[in-house]
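Let me begin by presenting the structure, written as structure tokens, before commenting on it.
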Amino acid sequence: MINYIWFFMILAGVITAASKGEINLVTEGILKGSEQAVLVAAGLIGIVSFWSGMMKIAQDAGLITALSRLMGPIARRLFPQVPPDHPAMGALLLSMSANFLGLGNACTPLGLKAMSHLQELNKDSETASDAMCTFMIITASSLTVIPSTIIALRSAYGSLNPTEIIGPIAITTSCSTLAAIAVDRILRHFK
């Protein structure tokens, strides 16, 4: 569906430019956009490499495991249907820990692994379980303490203090996650 939307937007832009006799603007826009994409990607390589390395160091040092253990009691309350010793709980905790550290590139494969383990526990393969819905809403609300991707983008665009957003993001993502959990619990009562 999203492909159709993008196609329509591009087609509308080309038709509008052609109707105004300024089709050259399409080519200029494509070239400028491509140039900007390359510059942003090049700027992000260093910071993403740095944070990926930090993630590996944290993982090797046991920080992710410690954070997962710290989050264990919370996760058991959020996901009462998931047995504590099931691989799904470990995958949930690792994914939530990566999200907590703002490592979306690490969170995605861990989240997919968690969902596949949750599907193993799901009695109805056609409908998402309560645990799957809770995990999805928590992941979407994205409780983040170190927003590494945003820091990388701010750094790439020349911010004088790219880390100044850590406090506001921690507060807003805490609020969004608490609201998501509240909505999840409220909707379960109407089920």
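Label SER116 and THR65 with points 7 Å out from Cα along Cα→Cβ: what is the distance between them in nm?
Once both label points are built, they end up 2.3 nm from each other.
How far apart, in nm, are the 7 Å Cα→Cβ label points at ASN24 and LEU153?
3.3
Could you state the angle between the C-alpha long axis of helix 166-189 and the longest principal axis of the C-alpha atoms of the chain, as a value from 0 to 90 degrees rounded to the nearest 10?
Rounded to the nearest ten degrees, it is 60.
If each residue's Cβ is checked for other Cβ atoms within 10 Å, how do PHE50, PHE135, PHE8, PHE190 rank with the fewest at the top? Intermediate values should be presented prior to the final figure.
Numbers: PHE50 14, PHE135 26, PHE8 10, PHE190 5.
So the residues, fewest neighbours to most, are PHE190, PHE8, PHE50, PHE135.
Return the label of the correct value of Rg and Dmax of the Cα atoms in Å, as calculated from the structure shown, out of [x] 15.8, 44; [y] 17.9, 60; [z] 21.0, 66.
It is the value labelled [z].
State the number of lysine pairs found in the chain whose Cα atoms come within less than 25 Å, restricting to pairs 8 or more positions apart or on distinct chains.
Details: LYS20/LYS32; LYS56/LYS113; LYS113/LYS123; LYS123/LYS191.
Close lysine pairs found across the chain: 4.
When the dipole is taken about the Cα centre of the stretch 45-189, and only Lys, Arg (+1) and Asp, Glu (-1) are charged at their Cβ, what size is it in debye, to the nearest 20?
Values: 9 positive and 8 negative charges, 43 e Å.
For this selection, approximately 200 debye.
Note down the net charge around PHE79, summing +1 for each Lys or Arg and -1 for each Asp or Glu among other residues with Cβ under 14 Å from its Cβ. Kindly include the intermediate steps, with their values, before the conclusion.
Working: positive: ARG76, ARG77, ARG185, ARG188; negative: ASP85, GLU120, ASP130, ASP184.
Taking every other residue near PHE79 into account, the sum is 0.
Could you give the angle, 0 to 90 degrees to the nearest 10, between helix 63-78's Cα long axis and the longest principal axis of the Cα atoms of the chain?
Helix 63-78 sits at roughly 70 degrees to that axis.
Report the local net charge at ALA91: Lys and Arg +1, Asp and Glu -1, summed over other residues whose C-beta lies under 12 Å from its C-beta.
Working: positive: LYS113; negative: GLU120.
Its environment carries a net charge of 0.
Based on DSSP loop calls and a cut-off of at most 14 other Cβ atoms within 10 Å, the longest stretch of the chain free of exposed GluC sites (Glu not before Pro) is what?
Values: sites that count: GLU22, GLU126, GLU164.
Segment 23-125 is the longest.
FYI, it's all coordinate maths here, none of it is from the lab. It should be emphasised that the depicted structure is a prediction, and the values quoted were computed from it without experimental measurement. Note: ideal-geometry Cβ built from the backbone for every residue, glycine included; neighbour counts use all protein chains shown.
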